[in-house]
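Data first, discussion second: the structure below is written as structure tokens.
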Amino acid sequence: MTYKAIQLSKRPNGDLTPDIFETVELETPTLEEGQFLVKQTYMSLDPAMRTWLNPREDSYMPPVQIGEVMRSYGVGEVVESRNPDYPQGARVIGTTGWAEYVLGNEEMQVVDPSLDPEALLSVFYVTGLTAYVGLIKIGRPQAGETILVSGAAGSVGSLAGQMAKAEGLRVVGTAGSDEKCRWLEEELGFDKAINYKSDNLALELDQACPNGIDLFFENTGGPIQALAYKRMNRFGRILVCGMIAEYNFEQPAPGPNWMDINLKGLRVEGFVVPDHLDKAQEATEALTKYVQNGQIRYRTHVIEGLDSAKEGINLLFSGENQGKLLVKL
């Protein structure tokens with residue numbers, strides 16, 4: 001039996017174009033002792049994928065190599081198994097790939113089959129762990145503080161903002177459309193959402209954050225970064241989660257001067273989820289409570305079919321996705 005997969009055929013040059021990927025037919029492997037085969041049902045498309053395509057060896061994860069199946073996270077069903085920990089019929093979540101079938105790995109988690117796979121990928125897996133680690137463990141928020149979340153309508157930003165609201169913070173977010181801003185304010189309870197394409201971005205930020213900014217949850221880079229940095233309060237924390245606006249740049253934009261880091265006693269910390277997997281159980285328990293208390297909502301943007309990933313991934317960079325971007329296989 002064969003199955004369809006998508007491999008990286010060449011390195012991107014700036015923007016991601018469908019021609020850097022190639023759809024291939026692969027032979028279903030014969031399982032050895034301890035192995036199991038997963039039929040993938042949902043696949044997550046994430047901004048981090050752009051960084052996995054860069055040929056740099058000093059990143060937190062090795063780059064996807066030419067000829068390799070594109071890396072992803074996903075949910076699937078075990079269809080064949082020679083591993084008693086992953087019995088046939090079990091639902092699993094973990095690192096998969098752009099493929100209809102994947103050879104399971106020991107890092108995969110068996111999950112309750114009654115849980116909605118869209119909720120798993122939107123709240124309870126890497127997305128939720130990222131938001132939790134950034135806000136709670138690194139940000140250490142205090143009630144009454146002001147947080148600014150860039151890319152607030154994205155999967156991580158929307159969770160971070162809602163958790164911050166639940167912790168008693170004033171929550172301000174930026175997003176790329178008026179519709180997304182309305183969603184943040186009216187549905188998710190943000191105190192203020194700003195369209196970052198505004199001609200008066202600096203003024204709107206001043207009005208939204210009259211007492212300055214204590215935490216900046218940075219998901220995007222771009223113009224908001226310098227504006228937020230200038231408005232940081234003493235002992236503020238900048239949590240660098242992503243730089244999606246600049247992932248396609250050949251040369252990164254110049255950063256701010258470090259004077260304010262020194263004089264204001266700021267803390268700037270970058271983080272990636274693979275360094276914090278030990279906090280997954282803690283994060284899941286916390287996220288479950290937020291959901292049970294009605295403090296977290298989410299929405300998904302689902303596209304259909306494996307091949308849709310080739311062009312669909314660019315919805316993340318154009319900002320056209322309306323919620324957590326998933327591929328349904």
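Is it the case that some residue within segment 7-16 is under 18 Å from Asn105 (Cα atoms) and out of contact with any Cys (no Cβ under 6 Å at 6 or more places or on another chain)?
No.
Name the residues in segment 278-302 that are in a helix (DSSP H, G or I) and among the polar types (S, T, N, Q), would you?
Gln281, Thr284, Thr288, Gln292
Which number in (1) over 30 Å from Glu25 (Cα atoms); (2) assigned by TED's automatic domain parsing to the domain that holds Thr17; (3) polar (S, T, N, Q) marks the one condition that Asn257 misses?
(2)
Could you identify the single residue in Thr146, Thr51, Thr127 that is polar (S, T, N, Q), crowded, with 19+ Cβ neighbours inside 10 Å, within 20 Å of Leu326 (Cα to Cα) and touching a residue at least 24 places away in the same chain (Cβ under 8 Å)?
Thr127
Out of all the residues in segment 114-133, is one or more farther than 27 Å from Leu329 by Cα and aromatic (Phe, Trp, Tyr)?
Checked against the condition, which is being farther than 27 Å from Leu329 by Cα and aromatic (Phe, Trp, Tyr), segment 114-133 yields at least one hit.
Which condition does Glu269 not pass, out of (1) in contact with a helix residue (DSSP H, G or I) (Cβ under 6 Å, 6 or more places away or on another chain); (2) within 26 Å of Ser59 (Cβ to Cβ); (3) surrounded by 14 or more Cβ atoms within 10 Å (Cβ to Cβ), if it passes all the others?
It is condition (3) that Glu269 fails.
Hey, could you check segment 227-277 for residues that are among the charged types (D, E, K, R) and outside any helix (DSSP H, G or I) and say which is nearest to Asp199 (Cα to Cα)?
Filtering segment 227-277 for residues that are among the charged types (D, E, K, R) and outside any helix (DSSP H, G or I), the one nearest to Asp199 (Cα to Cα) comes out as Arg231.
All but one of (1) surrounded by fewer than 17 Cβ atoms within 10 Å (Cβ to Cβ); (2) closer than 30 Å to Ile20 by Cα; (3) modelled with pLDDT under 95; (4) among the aliphatic types (A, V, I, L, M) hold for Met243; state the number of the condition that does not hold.
(1)
From Gly139, Gly176, Gly157, Gly168, grab the single residue that is of a type outside the set (Val, Ile, Thr) and without any contact (Cβ under 8 Å) to a residue 60 or more places away in the chain.
The match here is Gly168.
Can you tell me which residues in segment 1-25 are closer than 19 Å to Asp46 by Cβ, among the hydrophobic types (A, V, I, L, M, F, W, C) and not in a strand (DSSP E or B)?
Hits for segment 1-25 are Leu16, Ile20.
Any chance you could count how many residues in segment 177-200 are touching a strand residue (DSSP E or B) at 6+ places or on another chain (Cβ under 7 Å) and surrounded by fewer than 22 Cβ atoms within 10 Å (Cβ to Cβ)?
6
Evaluate segment 54-69: report whether one residue or more is over 19 Å from the mean Cα position of the chain (by Cα), touching a residue at least 24 places away in the same chain (Cβ under 8 Å), within 16 Å of Tyr247 (Cα to Cα) and not in a strand (DSSP E or B).
Yes, there is a match, as at least one residue in segment 54-69 is over 19 Å from the mean Cα position of the chain (by Cα), touching a residue at least 24 places away in the same chain (Cβ under 8 Å), within 16 Å of Tyr247 (Cα to Cα) and not in a strand (DSSP E or B).
Can you tell me which residues in segment 26-45 are among the aliphatic types (A, V, I, L, M) and not in a loop (DSSP other than H, G, I, E, B)?
Listed by number, the residues that qualify are Leu26, Leu37, Val38, Met43.
The values are calculated or read from the model by the stated rules, or taken from the named source; none is laboratory data. What you see is a predicted model, and the numbers here were worked out from it, not measured in a lab. As a convention, Cβ positions derive from the backbone with ideal geometry for all residues, glycine included, and neighbour counts pool all protein chains shown.
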